[in-house]
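Taking it in order: structure first as structure tokens, then the write-up.
The values are calculated or read from the model by the stated rules, or taken from the named source; none is laboratory data. Here the structure is a predicted model, which means the values were calculated and not measured. Cβ placement follows ideal geometry from the backbone for every residue including glycine, while neighbour counts extend to all protein chains displayed. Heavy atoms of the whole protein, side chains included, go into the accessibility calculation; ligands, DNA and RNA do not. Shrake-Rupley method; radii C 1.70, N 1.55, O 1.52, S 1.80 Å.
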Amino acid sequence: MLSLQRLYSKHLAAAVRLIGSWLPILILVSGSATTLVIFRSIHAREQDQIRRTVKSESEAASRALESALTSHIQSLIHMAQSREFHTPTKEEWEADARLQITHSDGFEIIEWVDASLNTRWSIYTGGRNIIDTKTAFGEPREIPLQKARDQAATTVTRAFDLPHGGTGILIYTPILVGNHADRFEGFIAAVLNLNSLITGLWDINLSRRYNMEIVESGKSIYTQPGSVFANKKWAEETELKLYGVAWAPTSWQVRLWPTPLWLDELQTTSDHTVLVSGLIMTALLAFLTYFFQLARARTRQIEIANAGLEEQIIERQQAQAALADFTAMIIHDLRSPLSNVISIVSTIKEGVFGPVNADQATWLDKAEKTTQSSVGLIGDFLDVSKLEAGHIDLRKTEVDLRQLIQAGLDLSALTAQQKKILLKNEIDPSLPSVHADPRRLEQVMNNLLSNALKFTPEGGEIRAGARCNHKDISVWVEDTGGGIASDELGQIFQKYKQTASGATSQFKGTGLGLVVCKMIVEAHGGILRVESEEGKGAKFTFTLPRLLIG
């Protein structure tokens, strides 16, 4: 019988060692794979965000160019329509044309072409006699003029190179007088310099962020001066069309891509931060798992080896107690260096070692918050460990609940102000004092307020209060956040459980905060409960028996 027991113990110990050796490797592999997936997801989202941003700017540039072209064309149409009501003198017409050239970026020539397609009057700046030359197609100007006359509509030609540099287009607006069949009396013709037009539209700040190119029928007709083509893979293209006119090229393509400096600002390092921190945390978790698996295996071996003997049972209990103390010691040893890190980061932020720029301050702030979160996490682990082992001592004294709740609200005021959340105090003025541990009750209150602030959206409301009845005293924290689904309410007071519905799914943690609160309240003889409806917020209430009332 003894030999069979030893054989069983030997095989069981081997199985425990096998599981203990493979579990850390499994955690390491699965954690690394998950980190890589998250990294790729964040990276892809960042790339997509950059493309959406460039696309939006490209569309805005296209709309601005379309609006400017339409405005210029409308000014010519207005000149042509005014002929129907009044035959201007040469001086009047030239004054009107000169006004258009002066106040409209890009116009270089405006002519009045009569019904015989001969130039009657002309006002110009820059390149003289452009309209008298052949157009960009190599055909006499009579041909596009005749097309515009036959269509009885404003016509825009293809872009062509201007003799004095740059690219331009010709705009023909027919002059139609009366309702008779032969009512054509000529054109208002103009040369529009695209380089001057776009330079007037292009915002200086925008030009530092983006390069632009305009393409007509596959040919580049405008390129922003000083453009760098290294980032053209990020180029986004928007089609520009003019409606209500006869446009020879049919459409233009407006291409926009970020400058190298602006692309560096758009590309964050969050994906690489997630990758590095995720791999580090995975390795740490694998190490801790291996350590605890090894410790559990050792404990199990002691339990099996000493089964049936009283002395060995005592040794097993001592080993378990030692393991619990060792776990608490490890948690303490982790918390001390992290607290030192917080102190060092805070010292650096205060400029003790030299000035800190905005980017450094941002990353130092992130490091401080992350480390503080880790310290809080370790504290939760330690509290759970002590509460479960019954090693936590409540240092009870006279506690003014009104002051305690108000202190919690004051502590939360800054965060609430930043999120534009309204904090309401609903404390009964006649609330009596209680005999309890003030530090532990403060821990419960701050945890409930912190959760409410976390899950309440901007513009929401949080109400905290307390009242006393003939049986007990009730303290509550109620928010207008996303709430909790009914099928998940039973899980929120379980260790390492988190809800996955509504807005709460975006906040990650260990799920220990409410567990610690529940244990502290129950250690005082009270009850912690929750009322919630998904989409309508949540209300956490804990009660203290009247025996605790001072």
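Which residue, of LYS396, LYS349, is surrounded by 13 or more Cβ atoms within 10 Å (Cβ to Cβ), at pLDDT below 70 and more than 22 Å from GLU461 (Cβ to Cβ)?
Testing whether each residue is surrounded by 13 or more Cβ atoms within 10 Å (Cβ to Cβ), at pLDDT below 70 and more than 22 Å from GLU461 (Cβ to Cβ) leaves just LYS349.
Name the one entry in ILE302, ILE280 that is in contact with an Asp or Glu (Cβ under 9 Å, 6 or more places away or on another chain), modelled with pLDDT of 70 or more and β-branched (Val, Ile, Thr).
Sole residue among the options that is in contact with an Asp or Glu (Cβ under 9 Å, 6 or more places away or on another chain), modelled with pLDDT of 70 or more and β-branched (Val, Ile, Thr): ILE302.
How about the range 433-457: which of its residues are open to solvent by 40 Å² or more (accessible area, probe 1.4 Å), closer than 28 Å to LEU394 by Cα and in contact with a strand residue (DSSP E or B) (Cβ under 7 Å, 6 or more places away or on another chain)?
HIS435, PRO438, listed by residue number.
Read through the list (1) at pLDDT below 75; (2) among the small types (Gly, Ala, Ser); (3) open to solvent by less than 50 Å² (accessible area, probe 1.4 Å); (4) not in a helix (DSSP H, G or I), then give the number of the only condition that ALA153 fails.
The number of the failed condition is (1).
If a residue has to be modelled with pLDDT under 90 and buried (at least 18 other Cβ atoms within 10 Å of the Cβ) to count, how many in the range 410-426 make the cut?
Of the residues in the range 410-426, 2 are modelled with pLDDT under 90 and buried (at least 18 other Cβ atoms within 10 Å of the Cβ).
In the range 494-539, how many residues are open to solvent by 20 Å² or more (accessible area, probe 1.4 Å) and either part of a loop (DSSP other than H, G, I, E, B) or at pLDDT 60 or above (or both)?
Within the range 494-539, residues that are open to solvent by 20 Å² or more (accessible area, probe 1.4 Å) and either part of a loop (DSSP other than H, G, I, E, B) or at pLDDT 60 or above (or both) number 27.
Taking the condition at pLDDT 85 or above, among the polar types (S, T, N, Q) and more than 27 Å from ALA246 (Cβ to Cβ), does SER56 pass?
Yes: the conditions hold for SER56.
Residue-by-condition table, conditions (1) within 16 Å of TRP476 (Cα to Cα); (2) touching a residue at least 12 places away in the same chain (Cβ under 8 Å); (3) in contact with a Lys or Arg (Cβ under 8 Å, 6 or more places away or on another chain):
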{"residue": "LEU409", "(1), (2), (3)": "yes, yes, no"}
{"residue": "SER412", "(1), (2), (3)": "yes, yes, no"}
{"residue": "LYS424", "(1), (2), (3)": "yes, yes, yes"}
{"residue": "ILE427", "(1), (2), (3)": "yes, yes, yes"}
{"residue": "LEU431", "(1), (2), (3)": "yes, yes, yes"}
{"residue": "ASP437", "(1), (2), (3)": "no, yes, yes"}
{"residue": "GLU442", "(1), (2), (3)": "yes, yes, no"}
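Name the single residue, out of those in the range 217-244 being in a loop (DSSP other than H, G, I, E, B) and at pLDDT 75 or above, that is surrounded by the fewest Cβ atoms within 10 Å (Cβ to Cβ).
GLY218
Restricting attention to the range 412-468, report how many residues are outside any strand (DSSP E or B), touching a helix residue (DSSP H, G or I) at 6+ places or on another chain (Cβ under 9 Å) and more than 23 Å from GLY513 (Cβ to Cβ).
Here the count works out to 5.
Answer yes or no: is there a residue in the range 471-490 that is of a type in the set (S, T, N, Q), surrounded by fewer than 17 Cβ atoms within 10 Å (Cβ to Cβ) and within 23 Å of GLU533 (Cβ to Cβ).
yes
Do any residues in the range 42-69 that are farther than 28 Å from LEU197 by Cβ have Cβ atoms under 8 Å from those of residues that are charged (D, E, K, R), where the two are at least six apart or on different chains, and which pairs are they?
ILE42/ASP271; HIS43/ASP271; GLU46/ASP271
Whether any residue in the range 30-40 is within 20 Å of LYS233 (Cβ to Cβ) and either open to solvent by 50 Å² or more (accessible area, probe 1.4 Å) or touching a residue at least 60 places away in the same chain (Cβ under 8 Å) (or both) is what I want to check.
yes
Checking the condition touching a strand residue (DSSP E or B) at 6+ places or on another chain (Cβ under 7 Å) and either free of Cβ contacts under 8 Å to residues at least 12 places away in the same chain or farther than 20 Å from ALA413 by Cα (or both), which residue from GLY460, GLY483, GLY465, GLY490 passes?
On inspection, the qualifying residue turns out to be GLY483.
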